[in-house]
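Engineer: Got a structure for you, written out below as structure tokens; questions coming shortly.
Each reported figure results from applying straightforward, stated rules to the coordinates on display, with no laboratory input. This is a predicted model, so every value here is computed, not measured. Don't worry about glycine lacking a Cβ; one is built from the backbone with ideal geometry, like all the others, and counts go over all protein chains shown.
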Amino acid sequence: YQGRWRTPQEIEILESRGRMDLAQKDWLVKLRRWRKDLATTDKARTAYDQIAAIKDPIAIAPLATAFRGEGDRRVKMLYADVLANINTSEAVGVLVERTLNDADEELYYYCLDKLVQLQPPHVSDGFIAALKDKSNPRVNRAGAALGRLQDKSAISPLIDALITTHTVVLPGRPGAGPNSTSTTFGDGGTVMKQNEGPRVQ
């Protein structure tokens, strides 16, 4: 098989994976075409309906890619609606990821509302894991989301996350290195200051 000895089971897995890759690429091409059509007056309604009608779980990864690269809030909300309608664990995972990472706060609430309505099993797991994140905004978003989801299994991790530690690099004097020294001359004599470079707090 393709120049190598393979078991029938290996061949089946490889061919299945190949079909999956082709199907996902096909969905990505369609999504890009429909996204372009959304900006066209005469094609926008049809393109919207085509995207809204997606039910195929194979489209989840292409939808996630399109979602992450999208800048228009209304289009991102459309993608969130489609993922919520598909409602598999993978689709829910994308909604959780966008809830934690999208810079648009309105979209955070929109995706979170979808998750609260769906209440899929284990939806809290991604938010509980994010409570240990290095990013303080992600920790805060995760905590707020867990409050909305009302999952009692999150109480202990939330208590642990009441105090978190984050590293911030504070800029030093412009042009100063980490071991730089500056000298100031004044009426009171000469003052030398060390470590005027960036500091880690």
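Engineer: For the modelled label position 7 Å from the Cα of His166 along Cα-to-Cβ, which residues of segment 126-156 have backbone nitrogen atoms closer than 13 Å?
Structural biologist: Counting only backbone N, you get 131-143.
Engineer: What FRET efficiency comes out for the pair Lys55/Gln119, r = Cβ-Cβ distance, R0 = 25 Å, nearest 0.05? If you can, show how the numbers build up before the last one.
Structural biologist: Numbers: r = 20 Å, r/R0 = 0.81.
Efficiency, rounded to the nearest 0.05: 0.75.
Engineer: How many angstrom lie between the Cα centre of segment 125-176 and the Cα centre of segment 3-73?
Structural biologist: 33 Å
Engineer: Relative contact order for segment 107-164 using alpha-carbon pairs under 8 Å, separation at least 6, rounded to a whole percent? Kindly include the intermediate steps, with their values, before the conclusion.
Structural biologist: Details: 37 pairs, mean separation 19.7, N = 58.
Result for segment 107-164 is 34 percent.
Engineer: Let me ask something additional. Among rounded, prolate and oblate, which fits segment 96-160 when a ≥ b ≥ c are the square roots of the eigenvalues of its C-alpha gyration tensor, a/c under 1.5 means rounded, and a/b larger than b/c means prolate?
Structural biologist: Values: a/c = 1.93, a/b = 1.08, b/c = 1.78.
In terms of gyration-tensor shape, oblate.
Engineer: Let me ask another. Of Ile51, Thr7, Val168, which is farthest towards the positive pole of the chain's charge dipole, taken about the Cα centre with +1 and -1 on the beta-carbons of Lys, Arg and Asp, Glu respectively?
Structural biologist: Thr7
Engineer: Can you give me the relative contact order of segment 41-161 as a percent, contacts being Cα pairs under 8 Å and 6 or more apart? Mind dumping the intermediate values first?
Structural biologist: Working: 116 pairs, mean separation 22.8, N = 121.
About 19 percent, as a whole number.
Engineer: If R0 is 41 Å, what FRET efficiency do you get for Ser135 and Ala44 from their C-beta distance, rounded to 0.05? Before the final figure, lay out each step's value.
Structural biologist: Numbers: r = 36 Å, r/R0 = 0.88.
For Ser135 and Ala44, the calculated efficiency is 0.70.
Engineer: Using only alpha carbon pairs under 8 Å that are at least six residues apart, calculate the relative contact order of segment 7-80 and give it in whole percent.
Structural biologist: Numbers: 38 pairs, mean separation 23.4, N = 74.
Here the relative contact order equals 32 percent.
Engineer: Follow-up. In debye, nearest 20, what is the charge dipole magnitude of the chain about its Cα centre with +1 on Lys and Arg Cβ and -1 on Asp and Glu Cβ, if you could check? Display every interim value, and only then the final one.
Structural biologist: Working: 28 positive and 25 negative charges, 73 e Å.
Magnitude of the dipole: close to 360 debye.
Engineer: Starting from the Cα gyration tensor of segment 1-129, take the square roots of the eigenvalues, sort them a ≥ b ≥ c, and report rounded, prolate or oblate (rounded when a/c is under 1.5, otherwise prolate if a/b is larger than b/c, else oblate). Can you show the working numbers first?
Structural biologist: On the way: a/c = 2.54, a/b = 1.36, b/c = 1.87.
It comes out oblate by the Cα gyration axes.
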